[in-house]
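Have a look at the structure below before the remarks.
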Ligand SMILES: [Zn+2]
């Protein structure tokens, strides 16, 4: 019997790798892409939201709760973008590692210089940006800050692979420096756009273009007929280089506006994988910036 037990234990020991992979659960595809760049084969990544989904209006599903249950670290966008499902995941997963305040709870927005920050959360009339603009993944400077924070957090949770994560960060930073040189050559300075939703403010700041009006009067709130009339006047009076929308948000309304005014509709992927050829954050930004030209 003793011998049998010993054999059984040996099998368990042999079948368990010395360093099991870290289970990373990321809410959005761009966060998963960053975690994959930094963690490579040291991490298993599950992404909760599909690239085709509008990230503002996601509801919790049983598969999400299961993914959260297994996670060593849960990485999320923050600024209440995940308010529709994150609180439920914390509660229903019963996973103490990922609860707020624990090392496995990673809010990417902690590392960001937030635009349109509001002193208090304001969800009046359904505003979906109550804590400021949450779409900072279009901003290379902020994504770099998040990547550095993420490296630190991965190292804290998995100290045995700390130097591996730092090496990954160094190659990420080098790749970003090279891309920044290419992206700086894109002639976006002085361009004037209208956007359906407040998705592109970080990019406008960093790349020097202007967004002069929005189809939504407030983020998440559909326009009234009067607002559309005003917008048509603006488009007629101003030379607009394009009306910016994402594949999952405002496309039909933008096309209707284009029919009335002739304004060019530019479809921008909202996240990694939303359109073909955007397999990681770098190729996503390549596509976004080329679309704007
Ligand atoms: Zn938004």
*asked:* To make sure I understand, if each residue's beta carbon is the centre and we count other beta carbons within 10 Å, what order do 54, 271 fall in, fewest to most?
replied: 54, 271
*Express in whole angstrom the spacing between the alpha-carbon centres of the range 223-250 and the range 40-82.*
33 Å
_Helix-only [θ]222 nm of the chain, DSSP H runs n ≥ 4, -39500 (n - 2.57) each, per residue, nearest 500_ = -13500 deg cm²/dmol
*asked:* Between 0 and 90 degrees, rounded to the nearest ten: what's the tilt of helix 29-39 against the longest Cα principal axis of the chain?
replied: 40 degrees
_Below 8 Å between Cα atoms, with a sequence gap of 6+, how large is the relative contact order for the chain in percent?_
15 percent
*What angle, in degrees between 0 and 90 and rounded to the nearest 10, separates the Cα long axis of helix 225-237 from the longest principal axis of the Cα atoms of the chain?*
70 degrees
*asked:* Can you tell me the orientation of helix 251-261 relative to the chain, as the angle in degrees between its alpha-carbon axis and the longest Cα principal axis, to the nearest 10?
replied: 20 degrees
*Which parts of the range 71-101 would a label at residue 110 reach, counting a residue when its backbone N lies under 16 Å from a point 7 Å out along Cα-to-Cβ?*
72-80, 97-101
_Test of understanding: what is the full-extension gain from residue 221 to residue 239, defined as 0.36 nm times their sequence separation minus their Cα-Cα distance?_
3.9 nm
*Please give, to one decimal in nm, the separation of the simple spin-label points placed at residue 213 and residue 166, each 7 Å out from Cα toward the Cβ.*
5.3 nm
*Specify whether the C-alpha gyration tensor of the chain places it in the rounded, prolate or oblate class, a ≥ b ≥ c being the square roots of the eigenvalues: rounded for a/c under 1.5, otherwise prolate if a/b is larger than b/c and oblate if not.*
prolate
*Gain in length, residue 174 to residue 54, computed as 0.36 nm per residue apart minus the alpha-carbon separation, to one decimal in nm?*
40.1 nm
*asked:* Let me check against my output: what whole-number percent is the relative contact order of the range 187-291, with C-alpha pairs under 8 Å and at least 6 apart?
replied: 22 percent
_Show log10 I(q)/I(0) for the range 131-218 at q = 0.19, 0.26 Å⁻¹, two decimals, from a solvent-free Debye sum over equal Cα scatterers._
-0.91, -1.24
*Taking R0 as 41 Å, what's the FRET efficiency between residue 291 and residue 90 from their Cβ-Cβ distance, rounded to 0.05?*
0.70
*Using a Gaussian network for the chain with springs between C-alpha atoms less than 10 Å apart, which of these wobbles most: 32, 250, 101?*
101
*Shape call, the range 78-172: gyration tensor on alpha carbons, a/c limit 1.5*: oblate
*Distance between Cα centroids, the range 263-285 to the range 152-200: provide it in whole Å.*
15 Å
*Give the order of 137, 227 when sorted by the count of other beta carbons within 10 angstrom, beginning with the fewest.*
227, 137
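Values in this text are rule-based calculations from the coordinates and carry no lab data. Note that the structure is a prediction, hence the values are computed from the model and not measured. Using ideal geometry, Cβ is built from the backbone for each residue, glycine included, and neighbour counts are taken over all protein chains shown.
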